[in-house]
1. Write out, first by first residue and then by second, each pair whose Cβ atoms fall under 8 Å of each other, whose residues are 6+ apart or on separate chains, and whose first residue, in the stretch 222-250, is surrounded by 17 or more Cβ atoms within 10 Å (Cβ to Cβ) while the second is among the acidic types (Asp, Glu) and part of a loop (DSSP other than H, G, I, E, B).
2. Take the conditions surrounded by 22 or more Cβ atoms within 10 Å (Cβ to Cβ), within 13 Å of the ligand (Cβ to nearest atom) and not polar (S, T, N, Q) and apply them to VAL9. Does it pass?
3. Just the residues that are within 30 Å of SER7 (Cβ to Cβ), in contact with a Gly (Cβ under 7 Å, 6 or more places away or on another chain) and either away from the ligand (no atom under 15 Å from the Cβ) or among the polar types (S, T, N, Q) (or both), please, taken from the stretch 83-110.
4. Against the condition modelled with pLDDT under 95 and not hydrophobic (A, V, I, L, M, F, W, C), how does ARG147 come out, does it pass?
5. What is the number of the single condition among (1) buried (at least 21 other Cβ atoms within 10 Å of the Cβ); (2) over 18 Å from ARG24 (Cβ atoms) that THR210 does not meet?
6. Can you spot a residue in the stretch 119-139 that is within 14 Å of the ligand (Cβ to nearest atom), of a type outside the set (Lys, Arg), surrounded by fewer than 17 Cβ atoms within 10 Å (Cβ to Cβ) and assigned to a helix (DSSP H, G or I)?
7. So the check is Cβ under 6 Å with 6+ separation or different chains; which pairs have a first residue in the stretch 170-197 that's in a helix (DSSP H, G or I) and a second one that's within 7 Å of the ligand (Cβ to nearest atom) and polar (S, T, N, Q)?
8. Give me a count of the residues in the stretch 22-74 that are within 13 Å of the ligand (Cβ to nearest atom) and closer than 21 Å to ALA121 by Cα.
Amino acid sequence: MRLQGKSAVVTGAGGGFGEGIARRFAAEGARVVVADIDAAAARRVAASIGGGAVAIAGDVSKGDDMRAMIAAAVDRFGGLDVLVNNAGTTHRNQPMLDVDEATFDRVYAVNVKSIYWSMQAAVPVLRAQGRGGSIINISSTAGIRPRPGLVWYNGTKGAVNTMTQCMAIELAPDNIRVNAICPVLGATGLTELFMGQPDSPEVRQKFMSTIPLGRMSQPSDIANACVWLAEDASSFITGVLLPVDGGRTA
Ligand SMILES: NC(=O)c1ccc[n+]([C@@H]2O[C@H](COP(=O)([O-])OP(=O)(O)OC[C@H]3O[C@@H](n4cnc5c(N)ncnc54)[C@H](O)[C@@H]3O)[C@@H](O)[C@H]2O)c1
């Protein structure tokens, strides 16, 4: 098993990509903190993946909650090796001037400020342990090849990409690696908001026609990339923005 003995925190693991990542990590031998703002969803996932997985409810845009997620790994598993900053949200696909201020603030708080709080919580722990670590930010193709309709969401992912690259350099002396995965559209709780219209085979076909490999992303695609960035086989990889996009941004 590729993550045997590692302790991991996955945010937004109560559904979508995060659930797929948490399940795969547990299957590879990791002990996983399943963190989500939806307490029932976190409990459901943790209970079903087993492997001693722990559920914790919290909002990644709040410092105290983020510290509690990291503390759960330390208290229950004796330390932290891998942190996946996956929780994210978006506004509906619509003209940029139609997005109200409260929505703009929420998208930036969940997608960007969460990274600030996660670093404040996790980096001191990783430094004190002195054995490095792997931080994986779930970004988006939207941060590499942005398109209209998701202007403010795209901006958050551009921020995630830039933060990933500079954090990787700043944390390299501690052997703490920081990478981002940039998925293309997948079928999750956010799909209809990204599409800006009801999900249907016709709408999916339109999106899929822009993806050279001809399909949407799946949680397993994202989880496979996360396993590699979490395991020791990627020990020389840091500061990378890895598209998992079937060639969409090529
Ligand atoms: N689905 C896609 O097409 C797609 C494409 C590219 C990138 N992404 C990114 O993937 C990540 C996961 O999204 P998803 O598509 O799986 O969405 P999703 O809505 O299916 O899952 C997100 C999970 O995060 C949780 N969450 C939301 N806000 C939270 C908060 N403040 N604190 C803690 N947990 C919170 C939700 O309860 C949910 O369980 C996001 O960062 C998203 O931007 C998604």
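1. These pairs meet every condition: VAL227/GLU28; ALA230/ASP81; GLU231/GLU28.
2. Numbers: surrounded by 22 or more Cβ atoms within 10 Å (Cβ to Cβ): yes; within 13 Å of the ligand (Cβ to nearest atom): yes; not polar (S, T, N, Q): yes.
When the stated conditions are applied, VAL9 passes them.
3. Of everything in the stretch 83-110, just one residue is within 30 Å of SER7 (Cβ to Cβ), in contact with a Gly (Cβ under 7 Å, 6 or more places away or on another chain) and either away from the ligand (no atom under 15 Å from the Cβ) or among the polar types (S, T, N, Q) (or both), namely ASN86.
4. Taking the combined requirement at face value, the residue satisfies it.
5. The single condition THR210 does not satisfy is (1).
6. The answer is no, given that none of the residues of the stretch 119-139 is within 14 Å of the ligand (Cβ to nearest atom), of a type outside the set (Lys, Arg), surrounded by fewer than 17 Cβ atoms within 10 Å (Cβ to Cβ) and assigned to a helix (DSSP H, G or I).
7. LEU193/THR90
8. Looking only at that region, the number is 23.
The values are calculated or read from the model by the stated rules, or taken from the named source; none is laboratory data. Just so it is clear, the structure is predicted and the values come from calculations on it, not from any experiment. Ideal geometry is used to build each Cβ from the backbone, glycine not excepted, and the neighbour counts take in all protein chains shown.
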